[in-house]
1. Name the residue, out of VAL366, VAL411, that is of a type outside the set (Lys, Arg) and modelled with pLDDT under 95.
2. When both residues are 6+ apart or on different chains and their Cβ atoms are under 6 Å apart, which pairs have a first residue that lies in region 70-82 and is assigned to a loop (DSSP other than H, G, I, E, B), and a second that is of a type in the set (Asp, Glu) and surrounded by fewer than 24 Cβ atoms within 10 Å (Cβ to Cβ)?
3. Right, VAL171: without any contact (Cβ under 8 Å) to a residue 40 or more places away in the chain, more than 20 Å from ASN78 (Cβ to Cβ), assigned to a strand (DSSP E or B) and in contact with a strand residue (DSSP E or B) (Cβ under 6 Å, 6 or more places away or on another chain) or not?
4. Considering (1) more than 15 Å from ARG58 (Cα to Cα); (2) outside any strand (DSSP E or B); (3) of a type outside the set (Asp, Glu); (4) modelled with pLDDT of 95 or more, say which one PHE547 fails and leave the rest.
5. Could we say that ILE87 is in a strand (DSSP E or B) and farther than 24 Å from LEU452 by Cα here?
6. Being of a type in the set (S, T, N, Q) and in a strand (DSSP E or B) is the filter here, so list the residues in region 344-392 that pass it.
7. Check off (1) in a loop (DSSP other than H, G, I, E, B); (2) modelled with pLDDT of 95 or more; (3) aliphatic (A, V, I, L, M) for VAL420 and give me the number that stays unchecked.
8. Scanning for something surrounded by fewer than 19 Cβ atoms within 10 Å (Cβ to Cβ), among the aliphatic types (A, V, I, L, M), at pLDDT below 95 and more than 23 Å from the chain's Cα centre (by Cα), does region 265-273 turn up at least one residue?
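The values are calculated or read from the model by the stated rules, or taken from the named source; none is laboratory data. What you are looking at is a predicted structure, and each value in this text was computed from that prediction instead of being measured. Glycine also receives a Cβ, built like all others from the backbone with ideal geometry; neighbour counts cover every protein chain displayed.
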Amino acid sequence: MRTFLLSTAALAAFAPSCALAADPAPVGELIVTATRLPTRLDLVTAAHVIDQAELEARQTPFVEDVLSTIPGVGVARNGAFGGLASIRIRGASPDKTLVLIDGVPAGDPADPNGNFDASQIQTADLARVEVLSGPQGSLWGSDAIGGVIAFTTREESGLRAEAEGGSFSTVRGSVAGGVAAEAYAVSASVAGFNARGISKAAAGTERDPFSTVTANLGGRVKVADAVQFDGRIRYTDSDIHIDGFAPPNFLLGDTPDRSTSRVWQGFARATVDAFGLTHRLSFSDYDIHRRNISSFPSQFSGQRQVWRWTAEHGAPTDLTAFVVGAERTATSADLSGRPSLDLATASAFGVLRHNLTDAVTLTGSVRYDDPDRYKARVTGRLSAAAQLGGGFALTLSAGQGFKTPTISEAVCDFCFAPAVPLRPERAEGYDARLGWTSADGRVALALTGYRLLIRDQIAYVNLRYINIARTRSTGLEAEGDVRLTDTLRLKLAYASLDAIDRATGLVLLRNPKSSGSAALFWNQGPWGAAFTLRGESNQADTALDGFSRTTRKGFATADLAGSYKVNDHVTLTARIENLANERFQEIFGFGEPGRAAYVGIRLRD
């Protein structure tokens, strides 16, 4: 892994970014890239894009707080400041969200369910966040049942630095620099965060510190008009103090436990224009090492390597565009010395988009996945987008997804009953989106209805893993983006969710029936501000014993961030989190901080 990282240290991917411009722009001009084939945002039923300018306006240190404002996306963490942050999309369990960082799959192969922990993804080096809701198996293969989240890191140009400090002895900062030209680019960044924190357990009294450092290095070079090489490496090192279930009562409370993790990831890619197609050949590697320091210490490691080739033709504005490709994914893990195995999958896929008329666009995708240890799967997706006139647009889609058993599930780790053969989980989802955009592009509204069905879901029952669970999620997602004036922008989001286990009739855990957010952005000369309000209704949760069910109360919390641009090189920042000092919990029994204040400075060359 490190040999690969060193060999690509001078390469990085070009990361496009959008700005919160003062002048309104039609929503259709935004492009989604996580669809494999770059597509206008208004042609996708459930896609959301958060750009670099919005990330900076919110001043949010970690991406988990941004994701929680997207309709249909829920983020629940086991306590503030580094607690495990699990992402749920449309009621699907966290292991069914596929996360990509610069196109590199980032799930933890050593985790029993293959979950991705979003708690350590800092926003300092991010240029763009994209979310695709609903089954995306025909695009990305296994794991993309609830949806896909794609992070794109920055290509730096010039020098920049940031520093901030405040409540809970928090200090964070970043330094970045780079040179970017048409023929080449090279950039690097380092971002760090350290806080004394609060008790992870709401009933606890001791502070649980958290520290993390992320380094990013990459570049690109164009060696000929038709040939370009690029790549990127990223390293994250974290140390988190956690709470657990200590004897003799085994209820959630203060413990001296800690968790450390080191993650290396990166890719190298060659892009060649030939025979009327843009060919891309890439190799990516994701390597994670975790260590749990407690009364029962353990170490885990996992690795995922992906070889990928694609051939693409057509731009988002062309009458017809398509992409075809093939992949080979190999996954391995060390489960703290317990039995393990290697999993690999060979895949082929294709996406085609065609404008039947100026008002109607069809998009179809199909994928064939052939896991070495399981039966091959074919998944598909079809969508149609129609401009109805008067600013209205209707988009319909139907898609499939699947998820192969993880390494832990396949070897029946921690099983105390005879193992049984497992089948991949299957899913199908349906979407209908009605959108309206004003003639001047200042107002964009949308309402999306969906249904997600999951079959053969794997669960740990009677001391072993079996295919038993069937779940169903139905819901509505409403959103609005309004340019109130040239200096004021309002973003609204609301989601209603009904997620149940069809086998038992019980509501799925940690899925609030209602959630929503409102964000107001203001820019006037050198001044800028962002006010964000977020709330969730009651949700079914796990009690303090870690087994029985209970109810976590709903909450509403508000944050305020402001900035003042002293000159072209210096900007002063300040933010207040939890303005009303709300006492709330994202997960029952785990602590969240009260009101907190921070001040900082941004420097640009």
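1. VAL411
2. Every condition considered, the pairs that remain are PRO71/GLU479; ALA80/GLU592.
3. Values: without any contact (Cβ under 8 Å) to a residue 40 or more places away in the chain: yes; more than 20 Å from ASN78 (Cβ to Cβ): yes; assigned to a strand (DSSP E or B): yes; in contact with a strand residue (DSSP E or B) (Cβ under 6 Å, 6 or more places away or on another chain): yes.
Yes: the conditions hold for VAL171.
4. Evaluating PHE547 over (1) more than 15 Å from ARG58 (Cα to Cα); (2) outside any strand (DSSP E or B); (3) of a type outside the set (Asp, Glu); (4) modelled with pLDDT of 95 or more leaves (4) as the failure.
5. Working: in a strand (DSSP E or B): yes; farther than 24 Å from LEU452 by Cα: no.
No, not satisfied.
6. Listed by number, the residues that qualify are THR345, SER347, ASN355, THR361, THR363, SER365, THR379, SER383, GLN387.
7. It is condition (2) that VAL420 fails.
8. no
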